[in-house]
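Let me begin by presenting the structure, written as structure tokens, before commenting on it.
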Amino acid sequence: MRIITDQCCVKSFKIMKKIFIITIIMFSFFNKTNANYEQLAHEFSFKSIDGGEINLQNYKEKVIVVVNVASRCGFTPQYVDLQNLWLNYKDKNLIVIGVPTNNFKQEPGSNKDIKDFCETNFNISFPMTEKIDVIGNNAHPFFKWAKENHGKSAIPKWNFHKIIIGKNGKVADTFASITKPSSKRFIDLIEAEVKN
């Protein structure tokens, strides 16, 4: 009888240990660092896909949606939703910025190839940056800043990861690739942010 009781205690302990570890992992994955925001998003700029500059300082009174994009991704059809978001909200203090990256091996083309693809297939008219890194040591400073101030959820895990910057220049929220820009959850946040 005592052996059975001891075995039950060991099993219970192992289950509790697994639950504890899973809980720790979940909280560390979704954590937001203690943001002190020594810098705001408006202090960053990108090189444009056209060779100019996209200076976030010019969008101080706007909600900024920064999305890392790729032409050969299963989420590439989200370009349609991003263009619709841009068309529907550009007069309501919102800017969409597409950031091509080959970090996930799905954007091998040149800046010209990317621009032609986006204009030909999706009639993209929102600003696009040149192709850059969004993760790792060579990540653009904006993405490093987002990670430092918002935590791991700001790190793109795949293409079409969305970082929403509020009018205050701080990360309002982030959305994983699977969340479409036309989804209710996404649009609800955009509506709230543009009204702030």
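Given a cut-off of 18 Å, name the pairs among K131/K162; K47/K105; K90/K112; K157/K180 whose C-alpha atoms lie farther apart than that in the structure shown.
Check vs 18 Å cut-off fails for K47/K105; K90/K112.
Let me understand region 35-128 better: what is its radius of gyration from the alpha carbons, and its Dmax, in angstrom?
13.7, 42
Which semi-axis lengths, in whole Å and largest first, follow from the square roots of five times the eigenvalues of the Cα gyration tensor of region 106-161?
Listed largest to smallest, the semi-axes of region 106-161 are 25, 12, 10 Å.
Per 5 Å bin, what percent of the C-alpha pairs of region 41-195 does each bin hold, from zero upward?
Result returned by the calculation: 2, 10, 21, 25, 23, 14, 4, 0.
Laboratory data are not the source of any read-out in this text; all were calculated from the coordinates shown. Quick caveat, the model's predicted, so the values are computed rather than measured.
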